[in-house]
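> My questions all concern the structure below.
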Amino acid sequence: MDNYDFSRTALKILHDTFRGLTRDQLDQLVDGRAKLAFLPPGAKVQVPAASLDAVRDRLAAIEDRQEAERYVTGLKLKKDDLVALARQLGVVVRSKDRVADVTRNIVEGTVGVRVDHNAIRDSSW
């Protein structure tokens, strides 16, 4: 691969990566509050404690399953990252679970449990 092809390929990868980010994520990159990271094949992703706290806080503020599902889906995490997040949140996942299953488990293990508990406690069901 010559320099032109290499540069073109690298720029396409960056373009595709940036295109998948939200406006807030792009602002964080530009402001220096966030960084892009290279993960070699097989690397395990750990959600940083600050990000994990933000996700945990956001899920704690959500009061219905649909909104929680939209939020988790909106994080646009790959399966390995989503599984790592679930485990860090104390949610059980199986290796054969699909992305939709892991997302549903996160929603049920965080928001769903709380919503059900509140409904039973308040007898609003």
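Values quoted throughout were computed directly from the atomic coordinates according to the rules given, and no laboratory measurement underlies them. Note that the structure is predicted; figures quoted are calculated from it, not measured. Here the Cβ positions follow ideal geometry from the backbone for every residue, glycine too, while neighbour counts run over all protein chains shown.
> Using a Gaussian network model of the chain with C-alpha springs under 10 Å, which one of GLN28, GLN66, GLN88 is most mobile by mean-square fluctuation?
GLN28
> If packing is taken as the average number of other Cβ atoms within 10 Å across a peptide's residues, how do 109-121, 75-87, 30-42, 6-18 rank, most packed first?
75-87, 109-121, 6-18, 30-42
> Additional query: Would you mind working out the magnitude of the charge dipole of the stretch 39-125 relative to its Cα centre, with +1 at each Lys and Arg C-beta and -1 at each Asp and Glu C-beta, to the nearest 20 Debye?
On the way: 15 positive and 13 negative charges, 83 e Å.
Magnitude of the dipole: close to 400 debye.
> Sticking with this structure for a sec: For the stretch 58-73, take each phi angle, set θ = phi - 60°, evaluate the Karplus expression 6.51 cos²θ - 1.76 cosθ + 1.60, and give the result in whole Hz per residue in order, putting x for glycine and proline.
Running phi through 6.51 cos²θ - 1.76 cosθ + 1.60 with θ = phi - 60° gives 5, 5, 5, 8, 7, 10, 9, 5, 5, 5, 5, 5, 4, 5, 5, 4 Hz.
> Straight-line reach only, C-alpha to C-alpha below 22 angstrom: list the lysines that LYS35 could link to, leaving out same-chain residues fewer than 8 apart.
The qualifying lysines are LYS12, LYS44, LYS76, LYS78, LYS79.
> For a quick check: with amide H placed at 1.01 Å from N, whose amide H comes under 5 Å from LEU75's, ignoring anything fewer than 5 positions away on the same chain?
Under 5 Å from the amide H of LEU75 lies no amide H from a residue far enough along the sequence or on another chain.
> Divide by every residue of the chain the summed helix terms, -39500 (n - 2.57) for each DSSP H run of at least 4, and state the resulting mean residue ellipticity at 222 nm, rounded to the nearest 500 deg cm²/dmol. Please report the intermediate quantities before stating the final value.
Numbers: 7 runs with 78 residues, N = 125.
My calculation for the chain gives -19000 deg cm²/dmol from helical runs alone.
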